[in-house]
There are 2 protein chains.
Amino acid sequence: MTTIKDVAVLAGVSFKTVSRVINRSPHVKEDVRQRVLRAADALEYRPHHHARHMRTQRSKVFGFLSDDIATTPFAGQIIQGAQEAAFRKEMLLLTFNTGGNAAVEQAAVEMAIERGVEGIIFATMYHRAVQVPKDAFRLPLVLVDCFSPDRSVRSVVPDEVSGGYSATKLLLEKGHRRIAMINANQKYPAAEGRFRGYRDALREYRLTIDPELVRLGGWWQDDGYEQTMALLKLKQIPTAIFCASDRIAMGAYDALKEQGLKIPGDMSVIGFDNQELLAAHSRPRLTTISIPYFEMGSWAVERLTNTAQDSDESPIRPVALPCPLIARSSVERPANRKLRNKDSAHIR
Amino acid sequence: MTTIKDVAVLAGVSFKTVSRVINRSPHVKEDVRQRVLRAADALEYRPHHHARHMRTQRSKVFGFLSDDIATTPFAGQIIQGAQEAAFRKEMLLLTFNTGGNAAVEQAAVEMAIERGVEGIIFATMYHRAVQVPKDAFRLPLVLVDCFSPDRSVRSVVPDEVSGGYSATKLLLEKGHRRIAMINANQKYPAAEGRFRGYRDALREYRLTIDPELVRLGGWWQDDGYEQTMALLKLKQIPTAIFCASDRIAMGAYDALKEQGLKIPGDMSVIGFDNQELLAAHSRPRLTTISIPYFEMGSWAVERLTNTAQDSDESPIRPVALPCPLIARSSVERPANRKLRNKDSAHIR
DNA sequence: CTGTTAGCGCATTCAT
DNA sequence: ATGAATGCGCTAACAG
């Protein structure tokens with residue numbers, strides 16, 4: 001291990017001068033500075049960050065706790081967003097995967113604090129309410145893709161409502177009037193918000209919601225398949241389906257194709273999530289709504305590095321980041337206007 | 001910030017005694033120990049890890065560099081495996097996402113070293129050769145899902161060959177004899193290894209490879225679709241397809257269904273990767289080969305915490321971890337034996 | 001069993 | 001503009 005003292009000896013100055021050079025103090029003569037720099041280079045000197053931390057009380061590290069990064073493809077984007085934002089500020093991320101286990105979460109927070117992290121980012125893999133380990137409150141804290149029920153913690157979430165609104169609005173603008181929504185159980189903030197967006201858009205067009213057209217179930221392909229099948233048995237089938245997830249949309253694809261319907265010719269489909277693996281590689285490519293995971297990650301870091309913004313407002317409202325529309329090939333104007341009328345063709 | 005000195009004052013002992021208690025030294029009287037513990041508890045004392053690190057020279061942190069964790073659903077599993085293994089040893093992971101950029105990689109290694117990491121894990125998101133940033137060699141180093149071309153670094157990779165072998169063998173055991181393989185370009189170690197497994201299994205059954213049945217392309221759904229279509233135009237179509245990725249298999253599904261073929265009734269399909277999102281939720285569920293990402297992650301940490309195993313062997317052979325078969329519903333014995341003969345039904 | 005002294009690598013006084 | 005002393009919180013040696 002080579003220290004500033006070694007560099008000082010080689011450069012023929014006191015070790016304090018080396019310290020000044022390292023910390024870019026302006027009070028060092030240029031030639032001395034060069035000499036020190038060359039010595040440091042020759043010795044492959046690296047500052048010892050922990051020693052520095054002891055003096056400055058700044059560890060330049062954030063703790064990043066997530067409940068489950070393995071089973072979901074989303075997590076990585078949050079981490080990457082946070083990571084890149086941190087890197088720009090010369091900060092690092094200490095990551096913890098808690099598996100949603102409260103005891104592990106508590107232990108993780110303690111380990112993070114022992115390491116002197118300057119703040120904690122707590123991220124979940126789907127939008128939900130969380131119970132934050134109490135020790136975490138001792139530090140600057142930001143929640144990502146989740147919120148505390150009592151609104152006592154700063155948090156950033158996707159704007160589900162405007163996402164649902166954009167999706168439905170697109171369908172409306174294309175000329176669809178009979179639009180189904182396959183949603184998950186409304187106990188999820190995501191499902192609830194996306195539905196409100198759907199409702200708002202329909203209202204704007206002075207359309208009433210047909211309860212037959214709103215299907216509730218789970219988030220997965222199977223749910224999409226089943227609900228689409230049910231939709232196709234209706235007397236008057238819709239011309240477009242807004243699916244609350246890309247997975248649901250994939251199930252809808254299967255059902256539609258199986259019944260010989262063309263997408264988007266016979267039925268337009270729009271998803272939600274913009275899961276690369278599904279949406280960007282399906283036949284046809286799925287038009288969908290993107291969730292700003294990356295942006296939420298970087299927002300969290302920005303917010304943590306900028307405590308100046310902190311105020312005493314209470315309760316703290318979660319910040320909702322926009323969910324942009326990703327236009328691909330599964331939405332088109334309704335082909336046969338007859339289909340929208342009461343003498344529509346029955347399937348099967 | 002409360003230190004051991006504060007605790008010492010409250011407990012009425014010297015601060016060194018507190019240090020002993022914290023470090024579980026056996027040379028402390030029980031009642032004193034209790035007193036110290038209670039004082040520490042009352043003060044919510046937390047050891048300052050970096051201060052400790054300065055004395056012990058042990059940071060209890062590993063650096064985890066990965067090229068791209070956002071765009072792939074696999075990464076998380078490696079991190080989680082590494083993370084959990086580290087946690088068990090009271091170690092933490094400092095994660096870096098380099099985007100595959102060499103300059104960033106270099107910077108990340110330097111930052112990790114400055115933080116005194118005790119070792120570096122370098123993971124890639126698909127099996128390939130890598131150029132390791134040279135400073136990384138200064139520390140214990142393990143490569144995950146990649147290897148250095150000159151075999152100078154310890155590494156762990158999936159056993160692609162045995163994976164390809166298991167997949168093909170399953171098909172063979174079910175009675176298939178005309179088995180196609182849709183593979184990616186053989187410049188990828190994964191593609192090359194999986195093909196060798198395919199070849200080995202066929203050889204074992206004294207079957208020769210029909211070049212018509214081996215299709216090369218990319219890893220994606222579109223590739224699977226195209227190649228399957230080509231396969232279906234053959235005079236003698238196969239009864240089963242081994243796809244080098246689940247994504248390819250999904251494309252094959254689309255093509256097969258579009259042509260009115262039932263899976264697995266008319267055609268058995270087996271994938272590779274075991275991507276939850278695809279394989280576990282397709283219709284029918286996809287039988288596939290799992291890649292031991294989680295295991296590779298924990299293996300890396302185990303290896304790093306156990307330098308005793310280090311020897312001077314050179315070159316170092318990458319350790320290949322097994323790829324288990326995940327049986328689901330897309331493989332069956334061939335229904336119509338006639339299909340395997342030369343007067344097979346032509347599609348279209 | 002317990003306390004004292006020293007020093008890890010660095011930065012912050014305060015000198016010069 | 002540069003240097004000497006001091007201490008961040010902790011543990012390793014050595015005393016007692």
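Here A:Gly76 meets each of (1) buried (at least 20 other Cβ atoms within 10 Å of the Cβ); (2) touching a strand residue (DSSP E or B) at 6+ places or on another chain (Cβ under 7 Å) with one exception, condition (2). On the given criteria, is A:Val9 more than 14 Å from DNA strand C (Cβ to nearest atom) and in a helix (DSSP H, G or I)? When the stated conditions are applied, A:Val9 does not pass them. The set of residues in the range A:49-58 being within 7 Å of another protein chain (Cβ to nearest Cβ) and either free of Cβ contacts under 8 Å to residues at least 60 places away in the same chain or more than 26 Å from A:Ile113 (Cβ to Cβ) (or both) consists of A:His49, A:His50, A:Ala51, A:Met54.
The listed residues are A:Asp68, A:Asp41, and the only one of them that is more than 12 Å from DNA strand D (Cβ to nearest atom), under 30 Å from A:Gln106 (Cα atoms), outside the structural domain of A:Glu276 (by TED's automatic domain parsing) and surrounded by fewer than 20 Cβ atoms within 10 Å (Cβ to Cβ) turns out to be A:Asp68. Number of residues in the range B:228-260 that are within 19 Å of B:Ala279 (Cα to Cα) and either surrounded by 18 or more Cβ atoms within 10 Å (Cβ to Cβ) or more than 12 Å from every other protein chain (Cβ to nearest Cβ) (or both) equals 18. Scanning the range A:106-123 for residues that are surrounded by fewer than 23 Cβ atoms within 10 Å (Cβ to Cβ) and free of Cβ contacts under 8 Å to residues at least 60 places away in the same chain returns A:Gln106, A:Ala107, A:Glu110, A:Met111, A:Ile113, A:Glu114. Scanning the range B:121-135 for residues that are within 13 Å of chain A (Cβ to nearest Cβ) and of a type in the set (A, V, I, L, M) returns B:Ile121, B:Ala123, B:Met125. Looking only at the range B:93-118, filter to residues that are more than 19 Å from the chain's Cα centre (by Cα) and not in a helix (DSSP H, G or I); which one of those is nearest to B:Ala300 (Cα to Cα)? So the residue we want is B:Glu118. Of the residues screened, A:Leu65 is not one that is in contact with a Lys or Arg (Cβ under 8 Å, 6 or more places away or on another chain), of a type in the set (A, V, I, L, M, F, W, C) and not in a loop (DSSP other than H, G, I, E, B).
Residues are listed down the side, and each one gets a yes or a no for (1) of a type in the set (Gly, Ala, Ser); (2) assigned by TED's automatic domain parsing to the domain that holds A:Ser245; (3) closer than 30 Å to A:Arg128 by Cβ:
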| position | (1), (2), (3) |
| --- | --- |
| A:Lys16 | no, no, no |
| A:Val32 | no, no, no |
| A:Ala51 | yes, no, no |
| A:Gln77 | no, no, yes |
| A:Ala82 | yes, no, yes |
| A:Phe96 | no, no, yes |
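Residues in the range A:82-105 that are more than 8 Å from chain B (Cβ to nearest Cβ) and buried (at least 22 other Cβ atoms within 10 Å of the Cβ): A:Ala82, A:Ala85, A:Ala86, A:Met91, A:Thr98, A:Glu105. Here A:Arg55 does not qualify as assigned to a helix (DSSP H, G or I), over 35 Å from the mean Cα position of the chain (by Cα) and at pLDDT 90 or above.
Within the range B:12-22, the set of residues being closer than 15 Å to B:Asp41 by Cα and near DNA strand C (Cβ under 7 Å from one of its atoms) is empty.
Counting just the residues of the range A:8-32 that are within 7 Å of DNA strand D (Cβ to nearest atom) and among the basic types (Lys, Arg), which one comes out nearest to the chain's Cα centre (by Cα)? Here the residue is A:Arg20. Of the residues examined, A:Ser25 is not one that is away from chain B (no Cβ under 14 Å), of a type outside the set (D, E, K, R), part of a helix (DSSP H, G or I) and within 9 Å of DNA strand C (Cβ to nearest atom). Taking the criterion of being charged (D, E, K, R) and without any contact (Cβ under 8 Å) to a residue 24 or more places away in the chain, the only residue of the range B:261-282 that qualifies is B:Lys262. Total residues in the range B:286-340 satisfying the condition of being within 23 Å of B:Lys169 (Cβ to Cβ) and at pLDDT below 85: the figure is 5. Looking only at residues in the range A:110-120 that are among the hydrophobic types (A, V, I, L, M, F, W, C) and under 16 Å from B:His50 (Cα atoms), the one that is farthest from the other protein chains (Cβ to nearest Cβ) is A:Val117. Quick one: is A:Arg35 within 14 Å of DNA strand D (Cβ to nearest atom), away from chain B (no Cβ under 11 Å) and either surrounded by 10 or more Cβ atoms within 10 Å (Cβ to Cβ) or under 14 Å from B:Met111 (Cα atoms) (or both)? Considered against the rule, which asks whether it is within 14 Å of DNA strand D (Cβ to nearest atom), away from chain B (no Cβ under 11 Å) and either surrounded by 10 or more Cβ atoms within 10 Å (Cβ to Cβ) or under 14 Å from B:Met111 (Cα atoms) (or both), A:Arg35 comes out as yes.
The values are calculated or read from the model by the stated rules, or taken from the named source; none is laboratory data. Note that this is a predicted model, so its numbers are computed, not measured. Using ideal geometry, Cβ is built from the backbone for each residue, glycine included, and neighbour counts are taken over all protein chains shown.
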